């Protein structure tokens, strides 16, 4: 539940900042990017501290080196979160995170079916857990789609020059 609250809470805060006049944060795309970046930062960090042993236990037994897989997915989540914050890498980060969510689905199913725990609490039952993954995947797919649509409307610079960091700003620096 913490990842969902992080995603929703951060997206609401970013959206509110946009409504209050912070022009670079105006619109759905910055709100979703911010919410997902916060969520994947939180979940990525847990791959190394706090829940590491529980996440290793979630890896289906058929897969080799669960510890290495948890480390790899944690690094990918942190890289994806960072990629969501830089306009040029948003489509790649969102696409990669969508694929990562699909790749981690078997671990979530395994955890729910085996009745494993996260932080001493039972994992969410299978149907709500899969629906939560669908929500996260929908959010990453929406960011991918919105960023590609925005890029095609704006037109990519064929010379590879700097792009604005956030929608509607006209600035060339990253946030």
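Some notes on this structure:
- Some residue of the range 146-164 being closer than 24 Å to residue 43 by Cβ and either at pLDDT below 90 or exposed (fewer than 15 other Cβ atoms within 10 Å of the Cβ) (or both): no
- Boolean, residue 70 is over 27 Å from residue 31 (Cα atoms), in contact with a helix residue (DSSP H, G or I) (Cβ under 8 Å, 6 or more places away or on another chain) and surrounded by 16 or more Cβ atoms within 10 Å (Cβ to Cβ): yes
- Restricting attention to the range 137-155 and to residues that are part of a helix (DSSP H, G or I) and out of contact with any helix residue (DSSP H, G or I) (no Cβ under 8 Å at 6 or more places or on another chain), the residue that is nearest to residue 36 (Cα to Cα) turns out to be 138.
The values are calculated or read from the model by the stated rules, or taken from the named source; none is laboratory data. In this text the structure is predicted, and so the values were computed from the model without any measurement. When we count neighbours, we look across all protein chains shown, and the Cβ atoms used for this are built from the backbone with ideal geometry, even at glycine.
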